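What follows draws every value from the coordinates through simple rules; no lab data is involved. None of the values given here were measured: they were computed from a predicted structure. Cβ coordinates were reconstructed from backbone atoms using ideal geometry, including for glycine residues, and neighbour counts include every protein chain displayed.
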Amino acid sequence: MKISLQQIRTGFTGGYCYVHARSAMASDGFTVLTAQKLRLTGCDVFYDMETLISPDRGEHWSDFRKSDVLVRTPLENGLDYVMGNATPMRHRTTETLLLLGNDIIYRDDHVAPAPRPIHTCWSTFDRNKLDWTPCRQLKMPDEERFFACGNGCGQSVELDNGDLLIPVYFHAPGDRCSSSMVMRCSFDGKDLSLLTYGNALTVPGGRGLGEPSVTAFRGKFFLALRNDERGYVSRSDDGLHYEEPRVLVFDDGQESGNYNTQQHWFRLGGKLYMAYTRRGADNDHVFRHRAPLFIAEFDPERMCLIRSTEMIAVPERGARLGNFGCLDVDENESWVIAAEWMQTIAPDHSDWKRCMSYGSDNSIFIARIRTK
């Protein structure tokens with residue numbers, strides 16, 4: 001397996017940095033990479049969606065194009081919102097580039113205090129306008145537990161008939177402990193509609209299970225789940241109903257060291273892989289040990305990472321890389337995409353110069369992983 005690293009510099013000068021870099025590719029090689037600016041002196045304060053465009057499978061990229069529609073949008077009572085935590089994907093059946101994420105509500109340029117509703121949102125890419133369509137919300141059942149329910153930073157799966165398996169996490173007003181589940185939705189290239197959903201998964205304590213990502217492999221479906229203390233995984237026969245979550249471990253039984261950070265999947269050369277972060281990599285100076293980005297083969301029978309296959313996909317340069325994405329280009333190439341998030345550890349999270357002292361500059365990295 002060979003890893004080559006492509007670096008896209010963003011012109012970082014402090015104050016704001018690009019985050020949540022993720023990518024999708026159409027069948028003709030037309031590729032988008034989405035990201036948003038974040039204010040370093042806040043917490044999860046995101047702004048308008050921006051897109052890099054490549055006509056040739058990521059060999060050459062445009063400058064950032066700011067969306068005219070996926071922008072901070074006013075609501076009532078001094079609130080506004082933006083679509084964020086977004087992941088683009090190719091919907092093969094309609095040959096549509098679909099962006100899935102959730103809305104984030106702000107007051108006075110800070111995340112609005114709880115209780116705060118959350119919705120799964122989507123948009124499609126208009127190749128004529130080279131921009132996304134206006135954000136729309138997925139209609140959910142009118143149940144209190146779905147008060148805050150969104151697809152944040154999650155990978156989804158397209159089934160053979162074009163339906164989508166979309167993972168979400170949710171909680172009722174006043175509840176800090178989230179559950180995760182997978183929805184089955186119809187999508188015709190324009191409209192996304194909920195058809196059904198599976199069982200809810202959670203674990204006691206902390207904030208439960210969030211930021212789920214789903215993949216399909218050899219007739220089974222696999223979930224990666226974020227938890228405050230450790231990563232979890234689960235498996236399903238039908239994509240909706242999942243086993244009791246298991247702690248993410250290596251094949252020797254030792255815990256992976258991943259915690260409070262999302263994990264994602266990719267498939268390559270007939271094998272299933274996971275991309276993740278973990279402790280124990282001389283990375284105590286990185287917020288929540290969110291760099292470097294590791295990859296390792298995942299054993300679908302034993303439900304564990306194979307330690308001997310672990311490699312670094314994106315190196316650590318002082319900044320966190322934990323809000324990232326994966327893309328299967330073809331059976332012999334996959335990408336791990338990450339932007340250097342220029343907030344650091346306590347006491348001053350906004351001290352971006354501390355990140356830079358290790359070499360980071362808010363670059364966006366694409367680790368191209370090939371079988372040969």
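For the chain, the Cβ-based charge dipole about the Cα centre amounts to some 580 debye (Lys, Arg positive; Asp, Glu negative; other atoms uncharged). Taking every C-alpha pair closer than 8 Å and separated by at least 6 residues, the mean separation divided by the residue count of the chain gives a relative contact order of 14 percent.
Every pair of different Cα atoms in region 211-261 enters the Kirkwood calculation, which places the hydrodynamic radius at 11.3 Å. Counting lysine pairs in the chain that sit 8 or more residues apart in sequence, or on different chains, and whose Cα atoms lie under 21 Å apart gives 9.
So which GluC sites (Glu not before Pro) in region 25-91 pass both tests, a DSSP loop state and at most 13 other Cβ atoms within 10 Å of the Cβ?
Of the GluC sites (Glu not before Pro), the ones in loops of region 25-91 whose Cβ has at most 13 other Cβ atoms within 10 Å are Glu59, Glu76.
Three semi-axes describe the equivalent ellipsoid of region 2-370; taken as square roots of 5 times the Cα gyration tensor eigenvalues and ordered largest first, they are 25, 25, 23 Å. In region 2-370, taking the dipole from charged Cβ atoms about the Cα centre, the farthest positive-side position among Phe221, Met25, Thr309 is held by Thr309. Of the peptides 130-137, 271-278, 141-148, 79-86, the order by per-residue mean of other Cβ atoms within 10 Å, starting with the highest, comes out as 271-278, 79-86, 130-137, 141-148. For the chain, a Gaussian network of Cα nodes joined below 10 Å ranks Gly189, Gly206, Gly325 by mean-square fluctuation, and the top entry is Gly206. Between Ala291, Ala281, Ala338, the Gaussian network model of the chain with springs among Cα atoms under 10 angstrom shows the greatest mean-square fluctuation at Ala281. Residue order for Ile118, Ile8, fewest other beta carbons within 10 angstrom first, comes to Ile8, Ile118. When each of Ile3, Ile104 is scored by the number of other beta-carbon atoms lying within 10 Å, the sequence from fewest to most is Ile3, Ile104.
Using the 10 angstrom Cβ neighbour count as an exposure proxy, how do Ser54, Ser360, Ser27 rank, fewest first?
Details: Ser54 17, Ser360 25, Ser27 8.
In order of increasing Cβ crowding within 10 Å: Ser27, Ser54, Ser360.
The helix-only estimate of mean residue ellipticity at 222 nm for the chain, built from DSSP H runs of length n ≥ 4 each weighted as -39500 (n - 2.57), is -500 deg cm²/dmol after division by the residue total.
Calculate the length of the line joining the C-alpha centroid of region 132-176 to that of region 37-108, in whole Å. If we compute the Cα centre of each part, the gap is 17 Å. Residues of region 219-233 with an amide N closer than 18 Å to a point placed 7 Å from the Cα of Gln254 along the Cα-to-Cβ direction: 230-231. State the answer as a single residue: which of Ala35, Phe287, Tyr81 lies farthest towards the positive end of the charge dipole of region 2-370, with beta carbon charges of +1 for Lys and Arg and -1 for Asp and Glu, about the Cα centre. Selected residue: Phe287.
Give the shape of region 63-153 as rounded, prolate or oblate, defined through the alpha-carbon gyration tensor: a ≥ b ≥ c are the square roots of its eigenvalues, a/c under 1.5 means rounded, and otherwise the shape is prolate if a/b is larger than b/c and oblate if not. In terms of gyration-tensor shape, oblate.
The Rg/Rh ratio for region 161-224 is 1.03, where Rg is the radius of gyration of the alpha carbons and Rh is the Kirkwood radius.
Which value, in nm² and rounded to one decimal, describes the direction-averaged projected area of the C-alpha convex hull of region 106-216?
Values: hull surface 34.6 nm².
Average projection, Cα convex hull of region 106-216: 8.6 nm².
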